[in-house]
Amino acid sequence: MPLISNILSRRGAALLGTWRIWRDTLLFAARAVLIAASPSAYNSATRTVVMKQIYFTAWQILPGFTLFAALLSFVLIQIVVSTAADFGLSDYALEVSMRILVLEVLPLITALFIALRSSSAINTEVALMKINGEIEALESACVDTMRLEFMPRVVGGMISVLALTAFTSVLALILAYLAVYGWQTWSLPDFSRVMGKVFDNSVLIGILLKSIAFGLAVTVIPVAEGMATPRKLFMAPISVLRGMVRLFFALMLIEVASLAFKYI
């Protein structure tokens with residue numbers, strides 16, 4: 001009985017800790033969004049941090065990510081087109097490929113790519129700031145760390161996810177047109193008709209909301225996890241690992257919720 005009681009106590013403490021970190025993450029996200037929505041929160045310092053975040057998160061990876069997205073899109077489009085032709089469903093190849101790529105695959109791949117590229121770095125930076133007492137020192141000096149340090153990173157991450165998702169989606173549209181119609185231009189009206197059928201207003205709003213949710217996740221979770229790091233140096237890699245696991249879970253949860261809302 002003492003063993004069972006001890007196990008249950010540890011499990012209960014772990015669940016309570018998990019609940020607290022998710023609660024703190026949601027509260028942090030709400031604060032960041034409210035501050036970001038206020039024009040008075042922006043000055044030269046915050047704009048500089050936003051631009052640096054966009055540069056390191058999106059601009060630096062643009063060539064490699066563009067090549068990867070183009071290759072992935074080309075392969076998936078060719079698979080869909082070939083499979084549709086085998087079953088006599090070529091008329092649906094363009095629509096299906098766009099629903100798979102633009103609505104589902106590319107936004108998720110973009111978020112995962114940015115998570116691996118920048119979220120772990122953000123988590124490490126914030127965790128080390130917390131361990132070294134830099135956050136407390138800034139707050140003691142009456143520096144608004146949320147407005148000057150964390151909110152710009154959230155805004156920069158969201159803009160990066162939105163920009164890369166839009167860029168790769170346009171690239172996928174071009175590749176899909178070439179795969180289905182070739183280099184001819186007289187098929188543009190038919191292409192526009194199919195795209196209008198796929199991307200109606202509700203779908204565009206759904207893509208925007210999902211990309212915003214992805215952008216929040218890849219920045220808010222690493223910052224919140226870093227701020228929750230105990231002030232012990234050996235906890236820094238543990239914090240990053242835990243943050244990346246939570247981020248992956250959140251991204252998958254957003255994607256599953258999006259699929260359920262659209263197709264169930």
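Things worth noting here:
- Considering residues of the range 57-96 that are under 20 Å from residue 160 (Cα atoms) and in a loop (DSSP other than H, G, I, E, B) only, the residue farthest from the chain's Cα centre (by Cα): 60
- Taking the criterion of being touching a residue at least 40 places away in the same chain (Cβ under 8 Å), of a type outside the set (D, E, K, R) and more than 20 Å from residue 100 (Cα to Cα), the residues of the range 238-264 that qualify are 239, 240, 243, 244, 247, 248.
- Where residue 181 falls short, out of the listed (1) in contact with a Ser or Thr (Cβ under 6 Å, 6 or more places away or on another chain); (2) in contact (Cβ under 8 Å) with a residue 12 or more places away in the chain; (3) closer than 26 Å to residue 79 by Cβ: (2)
- Pick from the range 206-234, criterion closer than 19 Å to residue 146 by Cα and hydroxyl-bearing (Ser, Thr, Tyr), ranking: surrounded by the most Cβ atoms within 10 Å (Cβ to Cβ): 219
- Top-ranked residue of the range 69-82 - restricted to ones that are touching a helix residue (DSSP H, G or I) at 6+ places or on another chain (Cβ under 8 Å) and surrounded by fewer than 16 Cβ atoms within 10 Å (Cβ to Cβ), ranked as nearest to residue 58 (Cα to Cα): 70
- Matching residues, the range 69-97, being without any contact (Cβ under 8 Å) to a residue 24 or more places away in the chain and more than 19 Å from residue 195 (Cβ to Cβ): 71, 75, 79, 82, 83, 85, 86, 87, 88
Results for (1) without any contact (Cβ under 8 Å) to a residue 60 or more places away in the chain; (2) crowded, with 24+ Cβ neighbours inside 10 Å, shown as yes or no for each residue.
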| site | (1), (2) |
| --- | --- |
| 109 | yes, no |
| 115 | no, yes |
| 122 | no, yes |
| 129 | no, no |
| 136 | yes, no |
| 160 | no, yes |
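- Any hit, the range 44-60, residues being of a type in the set (Gly, Ala, Ser), in contact with a Gly (Cβ under 8 Å, 6 or more places away or on another chain), in contact (Cβ under 8 Å) with a residue 40 or more places away in the chain and surrounded by fewer than 18 Cβ atoms within 10 Å (Cβ to Cβ): no
Read the figures in this text as sums done on the coordinates, not as results from a lab. Owing to the predicted nature of the structure, the values given are computational and were not obtained by experimental measurement. A quick note on method: Cβ atoms are made from the backbone with ideal geometry, for glycine too, and the neighbour counts reach across all protein chains shown.
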